[in-house]
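Asker: First the structure, then my questions, so here it is.
Please treat every number below as a calculation from the coordinates, not as lab data. None of the values given here were measured: they were computed from a predicted structure. Cβ atoms come from the backbone with ideal geometry, glycine included; neighbour counts cover every protein chain shown.
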Amino acid sequence: MRKKFISGILGIVVALVLGAIIMLFQGYNPIETYGALFSYSLGGWYPFCTTLRNSVPLILTGFSASIAFASGPVNLGQPGQLLIGALFATVGGMYIHLPAVLEIPILIALALLGGALWSGAAALMHKWFSMDEFITTLMLNMIADLLTYWAISYPFFEKGANSPLTPQIDKAGWLPEFGEFNTNVLVMLLTFVVVWFIYSRLTAGYEWRLTGQNSIFARLGGCNIDKNYMAVMLITGALAGLAGGLVVMAGPHRFVKGLGANYAWDGVMVAMVANNGLFGTILYGLFFSTLQSGALGMELITAVPSEFIQVLQSVIVLVIVAGRGLLDIWMDKSMIKRKARERAA
Amino acid sequence: MNIFIGLINGMISGATPILLAALGGTFTYYAGIFNIAMEGMMLGGAFFAVLGSYYFHSWPMGILFAILGALFMALIFIVFSVILKTDEFITGIALNLFAVGATTYLLRQIFKVKGAFSDPGIIPIPKVDIPLIKDIPVVGSILSGQNLLVYVTFVVILITVYVVFKTRFGLRLRAAGYNAASLDTSGVRTSSVRIWSLVICGVLCGLAGAYLSLGYVNLFSENMSAGRGWISLAAVILVNGNPWGITLISLLFGFTDGLGLLLQQYLPNQFTSMVPYIATLISLYFYSIQKRKKTA
């Protein structure tokens, strides 16, 4: 636990320093830039709420990737599953008109269903034809991207709009806001509790983790590998779909082009730096969201383009993951040395 | 007849970037690297191709810059995955996202635009007319008049086949993937073989990127590699790295690309753009069925 903490903090510091060097190189003032970045994402209640709100899709897709990677299936289809989930929630919200108490759970269920369908397609291809989910999910991402683009350009297009987008969903489907605080955070926390419980307290979760670490051992130990594979794919797809649904219900309340942005890929990165841990995913998800939410403020004040954050994020991932490996090696070495010395004495 | 020639030419131009990147992937595949960074290398190459071509008003500089840009991406991959032994999968994903972020950032910093940059100052890679052959009906309009990089690609296929299967380096390359420990024991450093394979992959992905932004079209747009690197990866995996197999598969994908353009008269273009990805899924299906039969 302490080791993780050290490598995380060290990695972030090193990455920020690298970022500062790039900024100096381009003639920006790094201290001013980082100051603007963090004051626009954490300095006060309003920015903090924005950061929280934006962290939800990152964390949910991060959960999806974490659970998938830790349980075996290489589900890289979060971007596609997010889009399909968002589309399902949007279409539901356009045609279903019920009081909010019913509308919101129904839309959430639709988002879960959409994501699960899309990952289920990849899972079935694996089950029936043993097609590698690594490639199928990537291809399904592209297909989902084009499919949703078509859906919002033709069948669900809002007449008279200048760019492809759908009409707004029923007001009852909007997630309630308390001031600046959006309740999508509560949905995310609830999801976390459920996922954590399944993953760390139920037999199913134990079997998934076991399969992820050693699938042969798990099979010999009596786990139903195929069933677990299916369950993990469906659940991780549903999580990514939920992320998409919440983006629609909390944000623009409609499906606009480019809605998914980079959420899902960033979520995959969050899972990677968090080493597929659920708590780590929340922490790094918040951190990435801090960077992203502050990016616009940074651009406003110091003229550093907000795209810089995307570069910084991937640098952080590489540095932390590489640093973790090096730290492991170094700690092992020093332990061996210490043992050797003790034995010699 | 014109449709036929158009389809063939569309197939060739669609196949070229995929084929170049996939041939790069062949080297890393045989060297035992799970290289998923072709997408990022290609995108880096495409950006720097436009940069070089625009600033020096010459396409050879464009190609040179493309190669350097892709090599820079390859260098990052080498530093992390080969030298620091970071997980190849994570390195690859992070590198691809780094490529998207960095090219978008540089697009804004250098050209002051968002989305796409096109300018008459970007000199495209020329098409080559072969004398005599170009006068032959039908065949002439296919064999001649292609982009310079198409002919380069053909040469690269031959070189790849020769290097991988007929040279000492090729033997070591395959040994690095087949049994790294025995290669190390025989006195050849696996890591240096892997580094060279990544360098070659970088060069070829750079060419692929240059073809995208200076041949296929004459501009750079955000994320313009649009999954072609992933399709290349699929092509490499589908035929277990065999260069001739890769050529065939790439041509097939190129064909679906051209077919998609043809279908645009009947279907919304979102559906026609899906065709190459669906083709990838279908070929993966046949591959998996075949593989299953072999193991059963």
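Asker: Assigning unit charges at the beta carbon (Lys, Arg +1; Asp, Glu -1) and nothing else, what dipole magnitude in debye, to the nearest 20, does region A:1-157 show about its Cα centre?
Answerer: Around 440 debye, computed over region A:1-157.
Asker: With springs only between Cα atoms under 10 Å apart, run a GNM on chain A and tell me which of A:L283, A:L202, A:L112 wobbles the most.
Answerer: A:L202
Asker: Mean separation of Cα pairs under 8 Å and 6+ residues apart, divided by the residue count of region B:101-199: what relative contact order is that in percent?
Answerer: The normalised contact order for region B:101-199 reaches 13 percent.
Asker: Turning to a different aspect of this structure: Pick out which of A:Q213, A:Q313, A:Q78 has the largest mean-square fluctuation in a Gaussian network model of chain A, springs linking Cα atoms closer than 10 Å.
Answerer: With Cα springs under 10 Å in chain A, the top fluctuation among A:Q213, A:Q313, A:Q78 is at A:Q213.
Asker: A further question follows. Applying 1/(1 + (r/R0)^6) with R0 = 45 Å to the Cβ-Cβ distance of A:K333 and A:N224, what FRET efficiency is obtained, to the nearest 0.05?
Answerer: Working from the Cβ atoms, E equals 0.65.
Asker: Keeping to pairs on different chains or 8 or more places apart, tell me how many lysine pairs in chain A have Cα atoms under 18 Å apart.
Answerer: Going through chain A pair by pair, I get 4.
Asker: Compute the relative contact order of region A:52-281 as a whole-number percentage, counting only Cα pairs closer than 8 Å that sit 6 or more residues apart in sequence.
Answerer: For region A:52-281, the relative contact order is 44 percent.
Asker: Once you've got the GNM for chain A with C-alpha springs shorter than 10 Å, pick whichever of A:L327, A:L76, A:L87 has the biggest mean-square fluctuation.
Answerer: Between A:L327, A:L76, A:L87, it is A:L327 that shows the largest mean-square fluctuation.
Asker: Nearest 20 debye, what's the magnitude of the dipole of chain A about its Cα centre given +1 on Lys and Arg Cβ and -1 on Asp and Glu Cβ?
Answerer: Its charge dipole is roughly 1300 debye.
Asker: At 7 Å along the Cα-to-beta-carbon direction for both A:R201 and B:S192, put a label point, then send me their distance in nm to one decimal.
Answerer: About 5.7 nm, to one decimal.
Asker: If the cut-off is 16 Å between C-alpha atoms, which aspartates and glutamates fall inside it for B:K294, apart from same-chain ones fewer than 8 positions away?
Answerer: Answer for B:K294, where 16 Å is the Cα cut-off: none of the aspartates and glutamates qualify.
Asker: Calculate the mean, over all residues of peptide A:319-328, of how many other protein chain Cβ atoms lie within 10 angstrom of the residue's Cβ.
Answerer: 4
Asker: Treat each spin label as a single point 7 Å out from the Cα along the C-beta direction, and report the B:L75 to B:F34 distance in nm.
Answerer: 2.7 nm
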